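Single-structure report; data block below.
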Amino acid sequence: MCPIKLIGFDLDDCLFDSTGLSERARIKGIDAMIELGLKLDREKAILLLQEIVKEYGSNSSKHYDYFIRRLNVIEKFSISFNEQYKYIAAAVMAYHQEKIDSIKLYDDVKPCLKKLRLMGIKSAIISDGIPIKQYEKILRLGIDKLIDLVVITDEIGIRKPNPTLFDYFLKKFGVKGYETIYVGDNIEKDIIPAKMNRIHSVYIHRGGKYDFPIPKLNLPENNIPDYEISQLYELFDIITNLNKINTSRELK
């Protein structure tokens, strides 16, 4: 068996604080509506928007539309048709501006990617999502030159947690699962399909929406991640240990 040759990473909440950024951006949208003249207590508005996000999911593009509708129907506001769309437009503009202004890598990402390159270990990103949106994040984060391959699931028509996606990733590099590590923040979408391909799985705790203590998940043994980390520099001890194991197997 060979030493570790490839490390794959999820993008959102693994390399940058996607959950926190989205939450802050949504609040910027609330502030923009209030600044435009919406007469609503800020804290009440934030709680209402959080309720909508919980109900419709964090990926919905209609949060502010539902917010305005709920004010009119449930809270008995009388926001006119024209005002509704002015408020929504202001919120959307503020939301996107915050995402542009504040997107930032975790501090450990670039040092990790640079060290992997010096070690001769290839790196890749496997991310669900719309290709243009995901590539925009990668370019704004400034890591496109540090990654050897980017796989956006909608480009190839295979989404997580389909294990075929991870098999595709391995074949692109011509490596085996046991020569590979995958780092992700989602047990169902990252860890389980990686393990199904014999990839060494690393569950990273960044405090995102899918971050849970393993004991609370009551996972079957075959779905438990091989390793858990909170910082990417911890990967290098894992690489060293796996390389030692692989080397000792070769010598037997």
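The values are calculated or read from the model by the stated rules, or taken from the named source; none is laboratory data. None of these values were measured; they are calculated from a predicted model. Glycine gets a Cβ as well: all are built from the backbone with ideal geometry, and neighbour counts include every protein chain shown. In case anyone asks, the SASA skips ligands and DNA or RNA and just uses the protein heavy atoms, side chains included. Shrake-Rupley method; radii C 1.70, N 1.55, O 1.52, S 1.80 Å.
Please state which of the following conditions Met1 fails to meet, knowing it meets all the rest: (1) at pLDDT below 95; (2) open to solvent by 80 Å² or more (accessible area, probe 1.4 Å).
With respect to (1) at pLDDT below 95; (2) open to solvent by 80 Å² or more (accessible area, probe 1.4 Å), Met1 is out only on (2).
Output the residue which, of all residues in the stretch 137-158 that are of a type in the set (A, V, I, L, M) and not in a loop (DSSP other than H, G, I, E, B), is most open to solvent (accessible area, probe 1.4 Å).
Ranking the candidates gives Leu139 first.
List every residue pair whose Cβ atoms lie under 6 Å apart, where the two residues are 6 or more positions apart in sequence or sit on different chains, the first residue falls within the stretch 76-90 and is β-branched (Val, Ile, Thr), and the second residue, located anywhere, is surrounded by fewer than 16 Cβ atoms within 10 Å (Cβ to Cβ).
Ile79/Asn72
Scan (1) among the aromatic types (Phe, Trp, Tyr); (2) out of contact with any Pro (no Cβ under 9 Å at 6 or more places or on another chain); (3) under 22 Å from Leu21 (Cβ atoms) for the single condition Tyr203 breaks and write down its number.
(2)
For Glu51, work out the one condition from (1) closer than 30 Å to Lys244 by Cα; (2) modelled with pLDDT of 95 or more it doesn't fulfil.
(1)
Looking at the stretch 124-146, can you tell me whether even one residue there is more than 16 Å from the chain's Cα centre (by Cα) and in contact (Cβ under 8 Å) with a residue 60 or more places away in the chain?
no
Taking only pairs six or more apart or across chains, which ones have beta-carbon atoms under 7 Å, a first residue in the stretch 209-227 that is farther than 27 Å from Lys54 by Cβ and touching a residue at least 40 places away in the same chain (Cβ under 8 Å), and a second residue that is among the charged types (D, E, K, R) and part of a loop (DSSP other than H, G, I, E, B)?
none
Would you check if Phe67 is open to solvent by less than 10 Å² (accessible area, probe 1.4 Å), under 21 Å from Gln97 (Cβ atoms), touching a strand residue (DSSP E or B) at 6+ places or on another chain (Cβ under 8 Å) and modelled with pLDDT of 95 or more?
No; evaluated as a whole, the condition is false for this residue.
Quick check on the stretch 160-173. Is at least one of its residues touching a residue at least 60 places away in the same chain (Cβ under 8 Å), surrounded by fewer than 19 Cβ atoms within 10 Å (Cβ to Cβ) and not aliphatic (A, V, I, L, M)?
For the stretch 160-173, residues touching a residue at least 60 places away in the same chain (Cβ under 8 Å), surrounded by fewer than 19 Cβ atoms within 10 Å (Cβ to Cβ) and not aliphatic (A, V, I, L, M): present.
Check off (1) surrounded by fewer than 18 Cβ atoms within 10 Å (Cβ to Cβ); (2) outside any helix (DSSP H, G or I); (3) of a type in the set (Phe, Trp, Tyr) for Tyr182 and give me the number that stays unchecked.
Tallying (1) surrounded by fewer than 18 Cβ atoms within 10 Å (Cβ to Cβ); (2) outside any helix (DSSP H, G or I); (3) of a type in the set (Phe, Trp, Tyr), Tyr182 fails exactly one: (1).
Just to be sure I understand the filter: pairs with C-beta atoms under 6 Å, separated by 6 or more residues or on different chains, first member in the stretch 181-204 and on the phi > 0 side of the Ramachandran plot, second member open to solvent by 30 Å² or more (accessible area, probe 1.4 Å) and assigned to a strand (DSSP E or B). Which pairs pass?
Going by the 6 Å Cβ cut-off, there are no qualifying pairs.
Select, from Ile199, Ile224, Ile214, Ile238, the only residue that is open to solvent by less than 50 Å² (accessible area, probe 1.4 Å), more than 12 Å from Ile4 (Cα to Cα) and under 23 Å from the mean Cα position of the chain (by Cα).
The conditions single out Ile214.
Looking only at the stretch 185-211, which residues are at pLDDT below 95 and either assigned to a helix (DSSP H, G or I) or not acidic (Asp, Glu) (or both)?
Residues satisfying the conditions are Gly207, Gly208, Lys209, Tyr210.
Take the stretch 120-148 and flag every residue that is of a type in the set (A, V, I, L, M) and modelled with pLDDT under 95.
Answer for the stretch 120-148, where residues must be of a type in the set (A, V, I, L, M) and modelled with pLDDT under 95: Ile130, Ile132.
Here's the yes/no breakdown for (1) in a helix (DSSP H, G or I); (2) under 18 Å from Lys133 (Cβ atoms):
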position: Ser61; (1), (2): no, yes
position: Ile68; (1), (2): yes, no
position: Ile79; (1), (2): no, no
position: Gln84; (1), (2): yes, no
position: Asp107; (1), (2): no, no
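Could you go through the stretch 14-25 and let me know if any residue there is open to solvent by 30 Å² or more (accessible area, probe 1.4 Å) and closer than 30 Å to Arg198 by Cα.
There is at least one residue in the stretch 14-25 that is open to solvent by 30 Å² or more (accessible area, probe 1.4 Å) and closer than 30 Å to Arg198 by Cα.
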